[in-house]
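For reference, the structure discussed in these notes is given below.
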Amino acid sequence: MKPFNFIFQYMLNPREVGAVLPSSKYLAEKMVEGVDFHNAKYIVEFGPGTGVFTDKIIKSRIQHTVVMLIESNTEFCALLKEKYKDEKNLIIINGSVEDIDKYTKDFNIPYLDYVVSGLPFASLPKNVSSTILIKTKKLLRKNGVFITFQYTLIKKDFIHHYFKHIHLTREYRNMPPAYVFRCSN
């Protein structure tokens, strides 16, 4: 997808897309560093957009790992389906992350090892964010990790209500620079 198309999707749905430009490869690397791809059986990505983080996940996972992508934007979802049409153990859903529990049940996914999120929590309604975080916490296995990025620290305390431990790093080589939250309990 060309940057102009991404900008157009942002202008149409700023709350949903959350950024004017796709994330950088540097942010993508920081988002997946520390993911134990050798032992992860189930990885879900919330709001993959054009697949910048997805590319890193797909290239790093072992073949039997099931990856589920949940994207609410129809254009981005169509792009992802075309881009990854030959991938095995990949589920692409055009729907709302709020229904993560339904999707995992529908596809017989008993728990999640990692959730990688590109959702713009700063622009989502509080009740929507709460629903997503409650369900994510419930679905993560005992040592599971929720990884998200935000452009500010405004939502750090909010996310901390759901996850006891937040390891925070910063990636400056992104436009704009972003904070990466690695959350666990």
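Taken together, the values in this text are just the output of simple stated rules run on the coordinates, not laboratory data. All of these numbers come straight from a predicted model, not from anything done at the bench. For neighbour counting, all protein chains shown are included, and Cβ atoms are generated from backbone atoms with ideal geometry for every residue, glycine included.
Odds and ends about this structure:
- Being under 24 Å from residue 27 (Cβ atoms) and surrounded by 14 or more Cβ atoms within 10 Å (Cβ to Cβ) is a description that does not apply to residue 135.
- Checked against (1) crowded, with 17+ Cβ neighbours inside 10 Å; (2) under 20 Å from residue 73 (Cα atoms); (3) in contact with a strand residue (DSSP E or B) (Cβ under 6 Å, 6 or more places away or on another chain); (4) not basic (Lys, Arg), residue 104 meets all criteria but (3).
- Scanning region 81-95 for residues that are within 15 Å of the chain's Cα centre (by Cα) and either aromatic (Phe, Trp, Tyr) or surrounded by 17 or more Cβ atoms within 10 Å (Cβ to Cβ) (or both) returns 90, 92, 93.
- Selected residue (only one of 76, 121 is closer than 21 Å to residue 31 by Cα, of a type in the set (Phe, Trp, Tyr), touching a residue at least 24 places away in the same chain (Cβ under 8 Å) and out of contact with any strand residue (DSSP E or B) (no Cβ under 8 Å at 6 or more places or on another chain)): 76
- Residues being closer than 20 Å to residue 184 by Cα and either of a type outside the set (Ser, Thr, Tyr) or in contact with an Asp or Glu (Cβ under 6 Å, 6 or more places away or on another chain) (or both) - total across region 84-107: 4
- Filtered residues of region 59-72 (kept if surrounded by fewer than 19 Cβ atoms within 10 Å (Cβ to Cβ) and either in contact with a Pro (Cβ under 8 Å, 6 or more places away or on another chain) or farther than 10 Å from residue 41 by Cα (or both)): 59, 60, 72
- Residue list for region 134-185, restricted to those being among the acidic types (Asp, Glu) and over 17 Å from the mean Cα position of the chain (by Cα): 157
- Any hit, region 108-120, residues being crowded, with 19+ Cβ neighbours inside 10 Å, β-branched (Val, Ile, Thr) and touching an Asp or Glu at 6+ places or on another chain (Cβ under 7 Å): yes
- Residue in region 48-56 that is of a type in the set (S, T, N, Q), surrounded by fewer than 19 Cβ atoms within 10 Å (Cβ to Cβ) and either in contact (Cβ under 8 Å) with a residue 24 or more places away in the chain or in contact with a strand residue (DSSP E or B) (Cβ under 8 Å, 6 or more places away or on another chain) (or both) present: no
- All conditions in (1) in contact with a Cys (Cβ under 9 Å, 6 or more places away or on another chain); (2) over 18 Å from residue 179 (Cα atoms) hold for residue 145, with the sole exception of (2).
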